[in-house]
Amino acid sequence: MSNQPDLTRQELIKLIAVATQPLDLTGVNLSGVDLSYLNLRQADFTYAILSGTNLDHTDLSGANLYHADLQGTDLTSAYLTDANLADVDGVDLTKANG
């Protein structure tokens, strides 16, 4: 398995811009990517690798983060209303909303 992320911030921004429905990021490796301040409402991150990812101020309202690898993820001030979170050990939820 590669340690390199499957998508860069710029590639994800392009996907968000053309998306007509919530993004399906099931199993995608986004480890270490800066996703701060993005609108990822209702995105599906099931089994995604988000370890070390910066999700500061990211809108994850209604997102599915079930079984996502969130180890070391920064969710400072993230919007988590109605988000599905299972295991948040090692996750910075400081000032998270929701």
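Residue check: is LEU70 buried (at least 23 other Cβ atoms within 10 Å of the Cβ) and at pLDDT 85 or above? Spelling it out, LEU70 is indeed buried (at least 23 other Cβ atoms within 10 Å of the Cβ) and at pLDDT 85 or above. For region 18-31, check the following and say yes or no: at least one residue is in contact with a Lys or Arg (Cβ under 8 Å, 6 or more places away or on another chain) and within 21 Å of ASN84 (Cβ to Cβ). Yes, because at least one residue in region 18-31 is in contact with a Lys or Arg (Cβ under 8 Å, 6 or more places away or on another chain) and within 21 Å of ASN84 (Cβ to Cβ).
Of ALA43, ALA17, ALA48, all but one fail to be surrounded by fewer than 17 Cβ atoms within 10 Å (Cβ to Cβ) and either in contact with a strand residue (DSSP E or B) (Cβ under 7 Å, 6 or more places away or on another chain) or among the hydrophobic types (A, V, I, L, M, F, W, C) (or both); the exception is ALA17.
The values are calculated or read from the model by the stated rules, or taken from the named source; none is laboratory data. All of these numbers come straight from a predicted model, not from anything done at the bench. Ideal geometry is used to build each Cβ from the backbone, glycine not excepted, and the neighbour counts take in all protein chains shown.
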